[in-house]
Amino acid sequence: MFFPEGMLRVHLYGAPVDMRKSFDGLYALTRRELGEDPLSGKLFVFINRRATQMKVLYWDRSGLCVWSKRLEQGRFLSNWQRIASREMDWTELKLLLEGIEAKRVRKRYQRPEWGRASV
């Protein structure tokens, strides 16, 4: 299934998950821990303790689907201490799937305020 990127919501679960969990286990985590409805059409991302495996749970109007990815080298996350359950966008999920951990983004250019003397 293809998703329109601008309309997609992605939730990252901020604790390690046993990758033996499948549909029912991930459904229960989404309901109880994230407090979200798994049948909402949003994507729910779960990562194992070593951060080498990831599962994505979503509902596609006819049933639950689970995507799974295992890295052969490297990790999805560098440090579990900085990860919390949160919502992220589609672009950040694509980077995470490639093994690129996005940091907090800051603008490099700030527009100068008018009426203020430049030094």
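The values are calculated or read from the model by the stated rules, or taken from the named source; none is laboratory data. On a predicted model such as this, the values are computed, not experimentally measured, just so you know. Note that we place each Cβ from the backbone using ideal geometry, even for glycine, and neighbour counts take in every protein chain shown.
For the stretch 80-95, give me each residue that is of a type outside the set (D, E) and in contact (Cβ under 8 Å) with a residue 60 or more places away in the chain.
Within the stretch 80-95, W80, I83, A84, S85, R86, M88, W90, T91, L93 meet the criteria.
In the stretch 78-103, the residue that is surrounded by the fewest Cβ atoms within 10 Å (Cβ to Cβ) out of those that are within 11 Å of the chain's Cα centre (by Cα) and among the aliphatic types (A, V, I, L, M) is A84. Scanning the stretch 51-75 for residues that are over 14 Å from the mean Cα position of the chain (by Cα), of a type in the set (S, T, N, Q) and surrounded by fewer than 13 Cβ atoms within 10 Å (Cβ to Cβ) returns S62, Q73.
Anything in the stretch 27-82 that is among the aromatic types (F, W, Y) and touching a Cys at 6+ places or on another chain (Cβ under 9 Å)? List them, or say none.
Y58, W59
Answer yes or no: is there a residue in the stretch 67-74 that is touching a residue at least 12 places away in the same chain (Cβ under 8 Å), closer than 12 Å to P16 by Cβ and aromatic (F, W, Y). No, that holds for no residue.
Only one of K42, K107, K94, K55 is at pLDDT 85 or above and farther than 20 Å from L29 by Cα. Can you tell me which?
That would be K94, the only listed residue that is at pLDDT 85 or above and farther than 20 Å from L29 by Cα.
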